1. Using alpha-carbon pairs under 8 Å, 6+ residues apart, how would you state the relative contact order of the chain in percent?
2. Using only DSSP helix segments of four residues or longer, with each worth -39500 (n - 2.57), what per-residue ellipticity at 222 nm results for the chain after dividing by its residue count and rounding to 500?
3. To the nearest 20 debye, what charge dipole does the chain have about its Cα centre, counting +1 at the Cβ of each Lys and Arg and -1 at the Cβ of each Asp and Glu?
4. Mind giving me the nanometre distance, one decimal, between the label points for R9 and R270, set 7 Å out from Cα along Cα→Cβ?
5. If one computes the Cα centroid of the range 92-123 and of the range 134-158, what distance in Å separates the two points?
6. For the range 130-241, what is the relative contact order in percent, using Cα pairs closer than 8 Å and at least 6 residues apart in sequence?
7. Quickly work out the D207-to-R134 label distance, labels modelled 7 Å from Cα along the C-beta direction, and quote it in nm with one decimal.
8. What does the C-alpha gyration tensor say about the overall shape of the range 3-119? Classify as rounded when a/c is under 1.5, otherwise prolate if a/b is larger than b/c, or oblate.
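Nothing in this text is a laboratory measurement; each read-out follows from the coordinates by a stated rule. Note that this is a predicted model, so its numbers are computed, not measured. Cβ placement follows ideal geometry from the backbone for every residue including glycine, while neighbour counts extend to all protein chains displayed.
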Amino acid sequence: MSLGQNPLRIAIAGLGAIGLPVARRLDAGIPGLELRAVAVRDVAKAERHLASFTHPVSIVTLPELAQQADVVVECLPAAVFPQVAFPAVQAGRVFVPLSVGALLAYPELPEMAIRHGARIIVPSGAILGLDAVRAAAEGEIRSVKITTRKPPASLAGAPYLVQHGITIENLQAPLKVFEGSAREGAQGFPANVNVAAALSLAGIGPDRTRLEIWADPHLTRNTHHIEVEADSARFSMTMEGLPSPENPRTGRLVAQSVIATLRGLVSPIRIGT
């Protein structure tokens with residue numbers, strides 16, 4: 001996005017573990033960026049948070065959000081993803097989704113973005129090395145595997161566990177609870193494997209990207225290990241992120257990744273692919 005005299009107007013869907021820290025950082029001031037609006041489920045709670053902000057912020061409905069800003073950041077449960085995604089893309093906005101797994105369920109969005117002049121920008125979130133994977137994808141990537149290990153509390157309530165009757169309470173040893181494609185994992189663990197979805201989009205797609213998920217009672221950090229075999233390089237990466245105290249299903253680094261992504265929209269220099 002080109003730089004201009006007017007700051008980019010930012011709107012955020014959701015003021016939870018990710019959206020609220022992002023909103024606070026924007027309110028504190030980032031040159032070239034301005035928080036204009038939020039959409040939330042609990043208006044009274046949002047009003048209490050926003051009362052301490054320096055600058056006024058409008059509270060609007062999800063369908064209205066895209067009309068308030070140049071950039072729409074989605075920080076909501078995957079179930080309401082389309083209520084934010086489609087209006088933002090149809091309005092030609094820059095759309096920054098955090099429910100990356102939900103993005104896989106709507107393959108028409110990229111084509112829609114082309115038609116309406118929108119852009120979809122996925123932050124790195126709680127994963128590293130996406131630049132290397134994207135570069136490798138310019139050649140041939142033979143295989144990509146990601147192994148995710150999380151404290152059991154981070155996986156509690158996942159639809160896949162419920163459907164298959166998998167119990168992770170009171171575990172005494174690590175338990176592999178899923179093995180399959182990134183697409184299957186995104187469907188079964190919509191709040192847990194956005195990192196795998198982002199990795200698949202950067203590389204060889206959600207059907208060829210392999211995913212393992214482990215519930216590990218010995219861990220206090222969400223851990224992701226990635227292995228990539230390509231014609232240009234063989235590399236592996238491990239990330240250990242602290243869970244958010246507000247929501248153990250997401251990492252603390254995710255909000256910072258969103259802020260870095262937004263800053264990159266107006267920065268005169270860009271580092272990385």
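1. Once normalised by length, the contact order is 20 percent.
2. That comes out to -8500 deg cm²/dmol.
3. Rounded to the nearest 20 debye, it is 400 debye.
4. 2.4 nm
5. That distance is 20 Å.
6. Working: 222 pairs, mean separation 47.8, N = 112.
After rounding, I find 43 percent.
7. Simple spin-label model gives 2.5 nm for this pair.
8. Working: a/c = 2.07, a/b = 1.33, b/c = 1.55.
Since a/c reaches 1.5 but b/c is at least a/b, the shape of the range 3-119 is classed as oblate.
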